[in-house]
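The values are calculated or read from the model by the stated rules, or taken from the named source; none is laboratory data. Note that the structure is a prediction, hence the values are computed from the model and not measured. Don't worry about glycine lacking a Cβ; one is built from the backbone with ideal geometry, like all the others, and counts go over all protein chains shown.
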């Protein structure tokens with residue numbers, strides 16, 4: 001495991017790097033470089049209906065902390081509702097999916113070891129404002145396939161999975 005860039009690492013959501021991708025605002029609070037590969041933590045602002053189809057992360061545990069709004073989740077066939085204040089842990093290899101059911105949701109999303117920050121920053125565009133991106137910003141099927149094929153294996157419900165090279 002690589003050494004962290006510097007510790008302690010302090011980040012604020014109003015000045016951490018922010019990106020627009022998949023109709024979501026992603027704010028990278030700590031990523032692979034700053035954590036020495038130990039973890040990724042991102043704040044996400046998501047619109048109603050956002051969320052991935054069933055998928056697994058074979059090498060990463062994932063967790064969510066819902067700060068605002070509500071999600072419907074399914075983890076290994078079990079359904080749960082998660083509103084503001086809820087924490088959800090998803091162990092690696094668990095098939096899971098979620099959908100935002102409130103008008104918007106603000107969620108902390110983490111991975112151990114570090115993972116998603118490199119993929120988001122590699123495919124997303126820097127956010128011009130700390131708000132949801134304009135609709136239809138992501139339409140490149142190859143870019144979406146790279147997202148689907150990295151860090152996890154998507155199951156059959158994601159139409160772009162496995163349609164482009166699997167790695168960045």
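The numbered conditions (1) at pLDDT below 90; (2) exposed (fewer than 14 other Cβ atoms within 10 Å of the Cβ); (3) closer than 25 Å to residue 18 by Cα are all true for residue 89 except (1). Could you say whether any residue in the stretch 2-23 is more than 26 Å from residue 133 (Cα to Cα) and modelled with pLDDT of 90 or more? No - not one qualifying residue is present in the stretch 2-23. The residues listed here are 166, 97; of these, the one that is in contact with a helix residue (DSSP H, G or I) (Cβ under 6 Å, 6 or more places away or on another chain), modelled with pLDDT under 95 and within 15 Å of residue 57 (Cα to Cα) is 166.
As for the stretch 108-117, it holds no residue that is assigned to a strand (DSSP E or B), surrounded by 14 or more Cβ atoms within 10 Å (Cβ to Cβ), touching a residue at least 24 places away in the same chain (Cβ under 8 Å) and more than 13 Å from the chain's Cα centre (by Cα).
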